[in-house]
1. Report the calculated FRET efficiency for residue 28 and residue 186 (r = Cβ-Cβ distance, R0 = 41 Å), to the nearest 0.05.
2. Stretch residue 257-residue 177 to full length: gain in nm at 0.36 nm per residue minus the Cα-Cα span?
3. Need one number: % antiparallel among DSSP beta bridges in the range 85-237, to the nearest 5.
4. How large is the direction-averaged shadow of the alpha-carbon convex hull of the chain, in nm²?
5. Give me the one-decimal nm value for the distance between modelled label points at residue 161 and residue 350, 7 Å along each residue's Cα-to-Cβ direction.
6. Give me the tail of P(r) for the range 192-282 as a percent: Cα-Cα pairs with distance above 17 Å.
7. Based on other C-beta atoms within 10 Å, arrange 255, 292 from fewest to most.
8. Which of 260, 140, 77 ends up with the largest GNM mean-square fluctuation for the chain, with Cα atoms connected below 10 Å?
């Protein structure tokens, strides 16, 4: 699909109407936020490490009947194992292992899991770079993992082409700077894949936007943003789905983590409201019309037994995140009206929204200009 440059006076022109979806991550057979879930993300170590896990995951997917399902390779589990000093192995001759103190995971294991679970999309195996802010340490961490990541993405792509070419493959991008991304880009041109996935844990909206514009200029049509469930991240993704890409998706476990911490997500902007036993409420009425909130108020939620309270919050929080995504995507058709809606909808986080709007405006008007120009306008380029 051709994308014509948008001029400064064409702020309401639509070139693309892609798909936006929010993948519900952190699910299992016993923990689903609704009877039907639009999109579900599972991962190889937790959902396909052995036959019983595969059967349980298959039952869960059959029950939820998602329109879209995605299989994450398990890079995050690699990172967590590294951080706690556990054993990390890449032994294709051995079985897939995921224990508290050891993980053995290879592209071969990922392909085997994809062939069993048959998701719409899966991600190549990767070894994530850690979240650090010192540029010197970032460069060291990137170079330390670059070689293995190039091997992992190459092998996953090769095996996918041979065994399951009908399943879409997204390549995770593990780097801190656009210069570092250049090493990865040179390898990508030799691989068969369908999209890229971008970690966002150390990125501001302008940084995410810069990388997405870079991907767009490369001709990438599909992008997944890892671990995104805040207002600005969803607003950014819905814009790029509507105006830039054929597909832009997000995922997160926030619906469940906030429920476990007894936090209620406000449907207006996903800000947190504590419903712990010692919480004090300014108003009793819940600011939501979802099926679970319609018969409750804050005091009733607060007085629920722990298990019932967690289940209620899981249902509501997931609904709030899903509805926000749907509403923002629907509003994003007209760019000027969308910007005004963002300002009016989220006044509690006015500073963050202002930065988001500045980034979106630059992208909307100038995304076809040289990436170095965009870097100067958006700032940085360091993940």
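Since every read-out is calculated from the coordinates, none of them should be taken as a lab result. All values derive from a computational prediction rather than experimental measurement. Here the Cβ positions follow ideal geometry from the backbone for every residue, glycine too, while neighbour counts run over all protein chains shown.
1. Here the calculated transfer efficiency is 0.55.
2. 25.8 nm
3. 20 percent
4. Its average projected convex-hull area is 19.3 nm².
5. In this crude spin-label approximation the distance works out to 5.4 nm.
6. Tail of the P(r) past 17 Å holds 54 percent of the pairs.
7. Taking fewest neighbouring Cβ atoms as first place, the list is 292, 255.
8. 140
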